[in-house]
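Some notes on the structure that comes next.
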Amino acid sequence: MKKGQKLKDNRTVRKEYQVIVIGSGPGGATVAKELSRAGKSVLLLEKGKDHQNLGTYPGAFAMLDKGGFFKSREGLTLLKATTTGGATTVYSGSAAMPPEWLKARHGVDLTRFAQEAWTELKVGVLPDHLIGDASRRIMDTANAMGYAWEPSPKILDTRKFKNGKCCGANTSLGCTCGAKWTARDYIREAVGYGTRLLSETECTGIVTENGRAVGVETLSGGVSDRFYAETVVLSAGGIPSPVLLKKAGIEEAGAGCVIDPTVLVYGESPHGGSSTDPLVSVVTWEFYESHGIRLGTLIDPWLMTVFNGVKAGVRSGISAMKYRNLVGILVKIKDEPAGWVNGEGQVSKALTDSDIQKITMGRGIAEDILRASGCREKSLFASPVKGAHPSGTCPIGRVVNRNLETAIANLYVCDASVFPEALDRPTVITLIALGKRLAGHLTGGGDS
Ligand SMILES: Cc1cc2nc3c(=O)[nH]c(=O)nc-3n(C[C@H](O)[C@H](O)[C@H](O)COP(=O)(O)OP(=O)(O)OC[C@H]3O[C@@H](n4cnc5c(N)ncnc54)[C@H](O)[C@@H]3O)c2cc1C
């Protein structure tokens, strides 16, 4: 099946599988691909549609929960996508190896699996001529000020760039140029190896017998059904996974949540904006270890930016209208676990004082760089804080063991919910590595 071709469902032919995977984001898609490649019969359930109107505002609003306005009770926006491929459909295509603390503090060594993913997805920094003029200017300005910025590793196939450009800011609406890897690519491979994909099919419960998972209950088009398997892998993402675990009787799921809070700091540049540059083509990690802060270049699509600008005030709204000249710097921080996800999928999450201090510090650095790069003082504004990586709700060591198994035998979790701390970095390589490692464990062929 070619990239861009609709992923076909193969409706209920059988009821029994060796493995059922719930959710087709990077965690679930990897497990499905690896296990079906190893010869297992796999059913992959996906609640969302296989949306095809990528690169459009209606498409993005349809894929993102509540059109991108899903919020915690305290009003923090949390981004989560319900569509084949999960949040990778709208992600920025940045890559990072798993954090060293995952092994040091939690005993989970993903190095071999992450290196395999890195090679498989041909991760690399963009050549200088594809970084984008505005982003390069930010990097050069920052480095002239004494900071340490560098090109970021990306999961982008530069052969698909058209006239030296990818989708730029509109990557966040879904990539149309085909350069960005998404979990849909792995789903396609999984289907090629024999995985049965049922999209628009929600898992509504885990079926257990004598403390073991034996299957799932589903709902599709108003019709309930049951499927059975020797092993069930829950990969529904940071917010839905604890809901299903709680329903299955694992009460401690959903206690605590991290989101990698993010703000975008904008400025109007006399040299031209960054909306056509690849997202996050340059970054700095220099404050990661010491302060839990990362910065990189990123600008939202036009409509979201204007919305952010108007929300920040009249003057910012006017600056945002000059979109073509806007440059954006993303500030992402490592937040403290706080709040909960309840059995209905509602989230309580507020920033702590320490989180706010980090955001303030990151924002200050971003503003200094924007000023030094020529942006007018009066044009500077920041977006509201958002959480693009809801995770840590079923952490390793508390809800799942190091093999990702829950207290219910044969029920595993493989998605961002198992992160034991906020990653504060691109999550996808870590998730793929977790999926590869779990597949190795389930086939008895890999270490764990
Ligand atoms: C705007 C944005 C930019 C990002 N940029 C980057 C980046 O550059 N690099 C990076 O590495 N990461 C990035 N991320 C983060 C990354 O995309 C996510 O952390 C990652 O996709 C999480 O993967 P997951 O498998 O845990 O879950 P998800 O991607 O959330 O996938 C879960 C899937 O399960 C499905 N599902 C949910 N409930 C059910 C159910 N009951 N039954 C069946 N299916 C269900 C959902 O529809 C979804 O498809 C970004 C995220 C966002 C939102």
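Of note:
- Among 195-206, 321-332, 77-88, the order from most to least packed when residues are scored by Cβ within 10 Å on average: 77-88, 321-332, 195-206
- Gap separating the Cα centres of the range 13-35 and the range 377-416, nearest whole Å: 20 Å
- Taken as Cα centroids, the range 58-74 and the range 158-196 sit 22 Å apart, rounded to the nearest whole angstrom.
- Two-site label geometry, GLU336 and LEU219: point separation in nm, points 7 Å out along Cα→Cβ: 3.7 nm
- Take every Cα pair under 8 Å whose residues are at least 6 apart in sequence, average their separation, divide by the length of the range 16-443, and the relative contact order is 24 percent.
- Here the range 16-443 is assigned +1 on the Cβ of each Lys and Arg and -1 on the Cβ of each Asp and Glu. Its dipole about the Cα centre then comes out at about 820 debye.
- Too-long pairs where the Cα-Cα distance tops 19 Å, listed order kept, from LYS80/LYS311; LYS122/LYS154; LYS47/LYS247; LYS47/LYS80: LYS80/LYS311
- Value at 222 nm in deg cm²/dmol, rounded to 500, when DSSP H runs of n ≥ 4 in the chain each add -39,500 (n - 2.57): -8000 deg cm²/dmol
- Residues whose amide H comes within less than 5 Å of that of THR297, counting only those at least five positions distant or on another chain, are VAL280, SER281, VAL282, LEU330 (H built at 1.01 Å from N in the peptide plane).
- Over the range 152-210, equivalent-ellipsoid semi-axes from the Cα gyration tensor in Å: 34, 14, 11
- Packing-based order for 399-412, 210-223, using average beta carbon neighbours within 10 Å, highest first: 399-412, 210-223
- With one equal scatterer per alpha carbon and no solvent term, the Debye-computed log10 I(q)/I(0) for the chain at 0.12, 0.13 1/Å reads -0.96, -1.12.
- Near GLY146, once Lys and Arg are set to +1 and Asp and Glu to -1 for all other residues with Cβ below 13 Å from its Cβ, the sum equals -3.
- Cross-link partners of LYS180 among aspartates and glutamates, defined as those whose alpha carbon lies under 15 angstrom from its own and excluding same-chain residues fewer than eight positions apart: GLU120, ASP157, ASP277.
- Net charge of neighbours whose Cβ lies under 11 Å from the Cβ of GLU116, counting Lys and Arg as +1 and Asp and Glu as -1: +1
None of the figures in this text is laboratory data; all of them are computed from the coordinates on show. As the structure is a computational prediction, the values presented were derived from the model and not from experiment. Neighbour counts run over all protein chains shown; Cβ positions are idealised from the backbone, glycine included.
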